[in-house]
Amino acid sequence: PRQQTVFSYYLRQAWSRACCCLNPFPKTPHPVGIYLFLIGCIFAAVTLATAGPNSGYDLPLYFFGAPVVINAMKDVTSMSWWNGFLQGALPQLPLTTLNSVISVCCLAHTLYPDKRDPALEEKHRTDAVITRREVSISVGLMNLILVPLGSMPNCHGAGGLAGQHRFGARTGTSVVVLGLGKVLLAIFLGGSALTLLDALPIAVLSIMIAIAGLELVSTGVKVLFECVQKEKEKTAKQQANEAVNGKAILQKNATVAMVTAAVIIALKKTHYGALSGWVVHMVYGDGFRNFVAWIKKKKAERR
């Protein structure tokens, strides 16, 4: 019968998906993120099942233990607004701008070249997949709407995009599934969800973060060489009869990137790293000349 044939087909598909981890040469990459998550869940379940009364975990687990929506603005005063602006908004602004807007747009532009907008790509924009304006509006609306209802501040991170891409996510369906999973976890488990997350092994989380970091590094190196190639082509057009020193261009761009990364890692301050990289680019690179050219271009556009 046709129903039995359809059932057999889906059963075979489910079995092949379940056993894909046993295939050393799969047609598509293994979903390493799912494997690591399942391994972490197994260790978390064993940890909670064997935890004693003095383990520090909030046991036993309970369902519907926390409100989904609260009025987070009821006790906010003018002094709370001022302290939040000075201690929260201002320090977070450089990090959100760089990591959640500029970097995520550049990363999407690099990872998904087939989804670039041709009109924006002709203008040599690095945000042809999703523009910086769109991401900024998304982050702003997300926080303005959800934070007064008790949500934590949210943003779009380049690390999250790199990790999801590395673990196999390619379409918007993966984000929808992730969002539904978080909603169900928050509604049904409530406060116990934090207990489950606390029980996940740090080693598993560290591996996932390391893989996401490697994806960011590889993408950054790719972008660096693309920038060098574009600058070589631009210099070759300007100096038709002169040879272009590609090594000098690579050294200049690599120095800016390394100084930026080193300051961020050493001081753990994104805005210090961005400021240091900008200073090196202005002094050692072509930053001053590019800035003057940008000013002249803006003046010409206004006329």
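The values are calculated or read from the model by the stated rules, or taken from the named source; none is laboratory data. Given the structure is predicted, the values throughout are model-derived calculations rather than measurements. So basically every Cβ, Gly included, is an ideal-geometry build from the backbone, and we count neighbours across all protein chains shown. Accessible surface is based on the protein model in full, side chains and every heavy atom, while ligands, DNA and RNA are left aside. Shrake-Rupley method; radii C 1.70, N 1.55, O 1.52, S 1.80 Å.
Structure data summary
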quantity	calculated
Set Lys268/Lys296; Lys115/Lys247; Lys269/Lys299; Lys115/Lys234; Lys237/Lys299 screened for pairs whose C-alpha atoms are more than 28 Å apart	Lys268/Lys296; Lys115/Lys247; Lys269/Lys299
At 0.692 mPa s and 37 °C, Stokes D of the chain from Kirkwood alpha-carbon radius, µm² per second	138 µm²/s
Accessible area of Thr255 in the full protein assembly, 1.4 Å probe (Å², nearest 10)	40 Å²
Mean projected area in nm² (Cα convex hull; one quarter of hull surface) for the stretch 30-150	12.8 nm²
Principal axis box of the stretch 190-303, alpha-carbon based, largest edge first, Å	67, 35, 25
Rounded Å value of the spacing that divides the Cα centres of the stretch 68-121 and the stretch 34-49	32 Å
Estimated [θ] at 222 nm from DSSP helical runs (n ≥ 4, -39500 (n - 2.57)) normalised by residues in the chain, nearest 500	-21500 deg cm²/dmol
Burial ranking of peptide ranges 208-217, 101-110, 147-156 (average Cβ count within 10 Å, highest at the top)	101-110, 208-217, 147-156
Projected-area average for the stretch 192-238 over all orientations - Cα convex hull basis, square nanometres	4.3 nm²
Cα Rg, Dmax (largest Cα-Cα span) when computed across the stretch 87-215, Å	16.5, 51
1.4 Å probe accessible area per residue over the chain, in Å²	73 Å²
Nearest 10 degrees, 0 to 90: helix 172-189 Cα axis against the chain principal axis	40 degrees
Distance between modelled label sites at Leu90 and Ala210, nm, 7 Å Cα→Cβ extension	3.9 nm
Degrees separating the helix 2-18 axis from the principal Cα axis of the chain, which is the longest one	70 degrees
Three-way shape label, the stretch 76-140, alpha-carbon gyration tensor, a/c 1.5	prolate
